[in-house]
Amino acid sequence: MSSRTQDLMRPKSAMFYIGALEDIADDFVEFVMKDVRGSADGLTNSGDLLRHIQYYSLESICAITLDARMGCLKDTPDDDRVLAVMNAIETVLADMAKCMLGPPLFKIHPRLSPPFVRMGAGLDVFADFVRDKVSEARSRMEVASPSDTRNKSVLEKLILRCGPESSVPAVIAFDMCIAGIDTTGNTIAFALGFLARNQRAQEMLRAEVQNQKLTETSIGQMKFLSACIKETLRKIPIAGGIARVIPNDLVVSGYRVPANTVLITDLQTSGHDSRHFSDPNEFKPERWLRENPDRDNPNPFSNIVFGHGSRMCIGKRFAELEIKVILAKLVQNFRMEWAGEKGPLGPEWEFVNKPNQPVKIRFHPL
Ligand code: HEM
């Protein structure tokens with residue numbers, strides 16, 4: 001991890017955005033409230049919440065990395081360009097998986113692979129948007145008074161550190177946006193799926209967050225909320241595994257693996273190992289609570305859902321805060337009930353784990 005990105009891992013870096021994330025989560029709650037009031041069955045968005053969850057995630061990551069509000073959750077987004085960016089991102093995420101998992105015909109000629117061509121066009125739209133937002137931030141900083149001592153955003157710190165001509169801030173912001181949309185969005189969808197099926201856990205969470213303003217201190221004290229996120233990612237790790245090329249020969253469980261082999265850990269398997277987790281198939285957030293005498297005490301490497309070491313996820317703190325804010329707000333405002341037609345919500349692997357059926361949740365306003 002470089003010194004440019006190390007700063008991102010500090011909890012304070014994420015907390016800078018707590019107000020913005022609360023505003024975005026309020027827009028999400030308002031969307032659900034309006035949609036539910038207009039429906040006879042308490043279901044939102046014709047029964048699949050996933051698209052709006054991804055909009056929450058897109059809006060949040062753009063607020064974090066580009067200092068930009070887009071209005072993705074409003075009835076009409078802030079301008080036509082936002083609509084183009086939202087469409088471009090949807091295409092990129094769908095086609096990226098097809099390019100990764102399908103036959104690599106684009107290596108022979110790009111035109112042989114329509115998903116590759118579409119993904120390239122979508123990435124161009126988004127890259128232009130990111131470049132423009134970075135130059136807007138630069139211009140704002142140029143006219144700011146030298147005595148401006150307020151805390152700086154991630155983007156402003158990157159611009160200051162890399163210099164006015166550098167393209168690095170735009171590259172990092174672009175990477176963070178692409179890596180931070182469906183990873184966080186799908187985790188929110190799975191957490192809601194678990195909570196909507198598990199009224200006991202939902203009640204415990206509600207008891208913790210009810211009537212609480214979301215501040216750095218109060219969020220730090222919401223241990224059950226953190227535990228719900230850990231438990232969701234244990235049950236369904238969004239990145240199925242962590243990959244490394246091993247530099248030296250290695251013996252793993254009695255097998256000799258030669259240097260330069262790609263090794264991939266299987267997070268789903270290690271997270272369900274009964275040597276580390278009691279009742280591993282159950283959704284039990286309380287297994288993570290320190291004050292619980294029956295808590296599990298797993299090997300820390302059994303659940304490295306954000307990776308480990310110098311290549312670990314640089315968006316961990318932001319993702320956790322985004323998920324905490326929206327779960328707290330939803331549980332404060334609604335009782336949720338799972339209404340999926342194909343049993344519990346589970347994963348389908350498509351480069352990252354994504355919901356295997358429409359995310360159907362019945363919302364009862366409180
Ligand atoms: C719940 C949400 C997320 C999960 C589960 C997740 C998980 C991961 C994992 C497992 C890795 C590979 C780590 C390794 O190889 O050791 C990774 C890398 C990465 N993640 Fe995330 N991520 C999430 C959200 C985010 C967000 C919100 C951002 C951006 C703000 C982000 C940006 C990145 C980047 C840029 C890398 C590559 C780091 C590098 O190679 O140095 N992720 N993530």
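Read-outs: derived from the displayed coordinates by stated rules, not from any lab. Keep in mind that this is a model prediction, so the values were computed, not measured. Positions of Cβ are backbone-derived with ideal geometry, glycine not excepted, and every protein chain shown enters the neighbour counts.
Numbers for the structure displayed
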| quantity | calculated |
| --- | --- |
| ³J(HN,Hα), Karplus 6.51/-1.76/1.60, whole Hz, each residue of region 214-226, x for Gly, Pro | 8, 10, 4, 5, 5, 5, x, 8, 8, 6, 5, 4, 4 |
| Loop trypsin sites (Lys or Arg not before Pro), region 300-342 (other Cβ atoms within 10 Å of the site Cβ: 14 or fewer; DSSP) | Lys342 |
| Gaussian network model of the chain, Cα within-10 Å springs - most flexible of Met336, Met86, Met312 | Met312 |
| Interchain or long-range residues, amide H under 5 Å from Val257's placed H | Leu250, Val251, Val252 |
| Over region 285-366: Rg over Rh, Cα atoms, Kirkwood Rh | 1.02 |
| Ranked list, fewest to most other Cβ atoms within 10 Å of each Cβ, for Glu231, Glu203, Glu350 | Glu203, Glu350, Glu231 |
| Rounded Å value of the spacing that divides the Cα centres of region 20-98 and region 247-320 | 31 Å |
| Region 106-140-region 157-223 distance, computed between alpha-carbon centres (Å) | 25 Å |
| Positive-end residue, the chain charge dipole about Cα centroid, Cβ charges, pick of Leu49, Pro298, Gly193 | Pro298 |
| Residue order, fewest to most surrounding Cβ atoms within 10 angstrom, among Met204, Met119, Met9 | Met9, Met204, Met119 |
| Pair-distance profile P(r), taking every C-alpha pair of region 189-297, with 5 angstrom steps and integer % | 2, 11, 16, 18, 16, 12, 9, 7, 5, 3, 1, 0 |
| Förster radius 45 Å - calculated FRET efficiency between Asp79 and Leu112 (Cβ-Cβ, nearest 0.05) | 0.80 |
| Descending semi-axes in Å of the chain, equivalent ellipsoid built from Cα gyration tensor | 30, 28, 23 |
| Base-10 log of normalised Debye intensity for region 119-209 (one unit scatterer per alpha-carbon) at q = 0.15, 0.17, 0.25 Å⁻¹ | -0.74, -0.80, -1.25 |
| HN-Hα J in Hz across region 303-320 - Karplus 6.51, -1.76, 1.60, θ = phi - 60°, x for Gly and Pro | 8, 8, 6, 10, x, 7, x, 5, 9, 5, 4, 7, x, 3, 5, 5, 4, 4 |
| Out-of-range pairs (alpha-carbon distance over 27 Å; input Lys152/Lys354; Lys98/Lys157; Lys329/Lys354; Lys284/Lys324; Lys230/Lys342; Lys74/Lys329) | Lys152/Lys354; Lys98/Lys157 |
| Rg/Rh (Cα only; Kirkwood hydrodynamic radius) as it applies to region 227-366 | 1.02 |
| Å³ per residue enclosed by the Cα convex hull of region 37-93 | 95 Å³ |
| Net lengthening on full extension, Arg131/Phe301 (0.36 nm per residue, minus Cα-Cα) | 57.4 nm |
| Whole-percent pair-distance distribution, where bins are 10 Å wide, for the alpha carbons of region 172-216 | 23, 31, 32, 13, 0 |
| Residues Val251, Val36, Val154 arranged by fewest to most Cβ contacts within 10 Å | Val251, Val36, Val154 |
| Convex hull per residue volume in Å³, alpha carbons only, for region 264-322 | 113 Å³ |
| Per-bin percent of Cα-Cα distances, region 248-293 [5 Å] | 5, 16, 18, 16, 12, 10, 10, 10, 3 |
| Per principal axis, descending, Cα span of region 66-164 in whole Å | 56, 36, 17 |
| Within region 71-94, backbone nitrogen closer than 20 Å to the virtual label 7 Å beyond the Cα of Met33 toward Cβ | 71-77 |
| Radius 13 Å from Cβ of Pro280, net charge of other residues (Lys, Arg +1; Asp, Glu -1) | 0 |
| Mean Cα-pair separation over length for the chain, i.e. relative contact order, pairs under 8 Å, 6 or more apart, % | 24 percent |
| Theoretical FRET efficiency, 1/(1+(r/R0)^6), r = Cβ-Cβ of Ser218 and His272, R0 41 Å, to 0.05 | 0.80 |
